[in-house]
Amino acid sequence: MGESYQIKDQEALYFLTFHVVGWADVFTRKLYRDIIIESFRYRQQTDGLVIYAYVIMSNHVHCILRSSNGALSETIRDFKKFTSKRIMKEIEQNPVESRGDWLPIIFRYHARFNRRVENRQFWTHYNHAVELSSNHMINTRLNYIHMNPVKAGIVRNPEEYIYSSASNYCGLDSLLDVELIELS
């Protein structure tokens, strides 16, 4: 992992991307997207995670985050650890999961190449952390996050995709509370 994509300032605002190993399309199921939402909400309440923007796509999550307690790396580590275990457990134990036979094979395969995991790996270890130090950078990443489902052909307008903070920025009902970024 390049040093330029590491979280250096634990209190700064960051654009982050979490990828599922092998780009496996896990988040095509509502159940797994809801685990991400629930986990974000839990980290907001317990760990001081401040979420400014997010989108959950089929195999990755983009977000703009910061930590109000100066522990962003630890909060992300705990978020990824919990969600990976919970989602893999759901996949393996859900009798109606049609991909229950082959998704675990992908998770085991990717774990073979990583000394930090024992037998299964859900998330890649890099987060592609980019510190957002200017209004231009913030605006560019905010737009990128909200336009992801539009560019993927899922919706026509960003606010129509419910697993995104675009609805928050349009004053609509949303699944997760976020802090709105107001650029000067």
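None of the figures in this text is laboratory data; all of them are computed from the coordinates on show. These numbers come from a predicted model, not from an experiment. So basically every Cβ, Gly included, is an ideal-geometry build from the backbone, and we count neighbours across all protein chains shown.
Computed values, structure above
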| item | result |
| --- | --- |
| Dipole magnitude of region 12-130 about its Cα centre (Cβ charges: Lys, Arg +1; Asp, Glu -1), debye to nearest 20 | 200 debye |
| Quarter of the Cα convex hull surface for the chain, i.e. its orientation-mean projected area (nm²) | 11.0 nm² |
| Most positive-pole-ward Cα, A129, F82, Y42, against dipole of region 3-169 from beta carbon charges | F82 |
| Pair S134, F113: separation of 7 Å Cα→Cβ label points (nm) | 3.5 nm |
| Relative contact order, percent, region 3-169 [alpha-carbon distance under 8 Å, six or more residues apart] | 31 percent |
| Potential extension, A12-L31 segment - 0.36 nm per residue separation minus Cα distance | 3.7 nm |
| Label point at A71 placed 7 Å out along Cα→Cβ; residues across region 9-44 whose backbone nitrogen lies under 13 Å | 43-44 |
| FRET efficiency estimate (nearest 0.05) - Cβ-Cβ, Q93 to W23, R0 35 angstrom | 0.90 |
| With Cα atoms, 0 to 90° folded angle of helix 30-47 axis to the chain main axis | 60 degrees |
| Pairwise centroid distance, computed over Cα atoms, of region 114-184 with region 1-43, Å | 9 Å |
| Simple spin-label estimate for D101 and Y144 in nanometres, 7 Å along Cα-Cβ | 3.9 nm |
| In region 1-47, the trypsin sites (Lys or Arg not before Pro) that fall in loop regions by DSSP, at most 16 other Cβ within 10 Å | K8 |
| 22 Å Cα-Cα threshold exceeded, pairs from K8/K80; K81/K151; K30/K89; K8/K85; K30/K81; K80/K151 | K81/K151; K8/K85; K80/K151 |
